[in-house]
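Some notes on the structure that comes next.
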Amino acid sequence: MAANCPACGASVPDAVAYCPQCAQRLVESSVAEEILWEGTYSAKTLLAGWLLAAAVIGLVATLALATMPWYRGLLVSLLVAAVCLGSLGLYAMYRKLSVRYQLTAQRFVHEEGLLRRITDRIEMIDVDDVACAQGLFERVMGVGTIKIISSDRSHPELFLEGVDRVRHVATLIDNARRAERQRRGLFIESV
C-alpha cells in the first residue's frame with residue numbers, strides 16, 4: 001500500500017524512509033541493526049598452502065632419507081615438517097583471531113588486528129558494487145575474497161579475504177545494499 005509524502009504529495013511505497021521526489025524524511029529510523037551475517041577468516045582458504053607444505057615435506061624426506069643416514073634423514077624430515085606445518089598453523093590461527101566481519105541491515109563492519117584493532121564501517125547506502133573472486137582450490141573449498149566497492153572516502157575498495165560460502169555472503173551484502181537503498185527511497189540506477 002502506497003502513502004503520500006506530507007511535503008510534496010508524491011506517492012511513496014511502504015517502508016521507505018525518504019520521499020524519492022523531494023527527499024523529505026518520512027519516518028524515524030525504525031529499522032533495527034539486524035545482524036544478517038557474521039564471519040571470520042576461514043582456514044580452508046589455505047588449502048593450497050597445506051598441499052604445497054605436504055609436497056615440500058615429502059620431497060625433503062625423500063631426498064634426506066636417500067642421501068643421509070636414516071636417523072639424520074628422519075631428523076631433517078621432522079624438522080622441515082614442524083617448520084612448514086607449524087608456520088602455516090600459526091598463520092591460520094592469527095588470521096582466524098584477528099579478522100572479523102559483520103553485516104547488518106544498515107552497515108558492514110570489518111575488524112582486523114590482534115594487538116591493534118582497526119575497525120572499518122561502510123554504510124550499506126554507500127556500497128556501489130559487490131564482487132567475489134575464487135581461485136581453483138578456493139572454489140573447491142567454497143571460500144574466496146569479496147571486494148566491496150563503495151563511495152566511502154576512507155575505503156573505496158574493501159577486500160574481505162577468506163570468506164566461507166563466499167557467493168552466499170556476496171549475495172547477502174548485495175541484497176542488503178538494495179534493501180537499504182529502497183528503504184531510503186533511492187533507486188539503484190540513480191546513485
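Taken together, the values in this text are just the output of simple stated rules run on the coordinates, not laboratory data. In this text, all values refer to a predicted model and were calculated from it rather than measured experimentally. Here the Cβ positions follow ideal geometry from the backbone for every residue, glycine too, while neighbour counts run over all protein chains shown.
Calculated FRET efficiency, Ile35 to Tyr91, Cβ-Cβ distance, R0 = 35 Å: about 0.80 to the nearest 0.05. Taking only the Cα atoms of the chain, the radius of gyration and Dmax are 24.4, 90 Å.
Segment 48-139 has equivalent-ellipsoid semi-axes of 43, 16, 6 Å, by the square roots of 5 times the alpha carbon gyration tensor eigenvalues, sorted largest first. With neighbours defined as other Cβ atoms within 10 Å of a residue's Cβ, the residues Phe137, Phe159 order from fewest to most as Phe159, Phe137. Here the label points at Val56 and Glu161, each 7 Å from Cα along the C-beta direction, are separated by 1.6 nm in the simple model. Give me the percent of Cα-Cα pairs in segment 45-95 that sit more than 12 Å apart, rounded to a whole number. The share of Cα pairs beyond 12 Å in segment 45-95 comes to 62 percent.
Over the Cα atoms of segment 100-191, each weighted equally, I'd like the Debye log10 I(q)/I(0) at q = 0.25 Å⁻¹, rounded to two decimals. Cα-only, vacuum Debye calculation for segment 100-191: -1.29. Charges were assigned to the Cβ only: +1 to each Lys and Arg, -1 to each Asp and Glu. The resulting dipole of segment 14-119 about its Cα centre is roughly 580 debye.
Each Lys and Arg adds +1 at its Cβ and each Asp and Glu adds -1 at its Cβ; summed about the Cα centre, the chain shows a dipole of about 580 debye. One Cα centroid belongs to segment 45-72, the other to segment 95-125; the line between them spans 38 Å.
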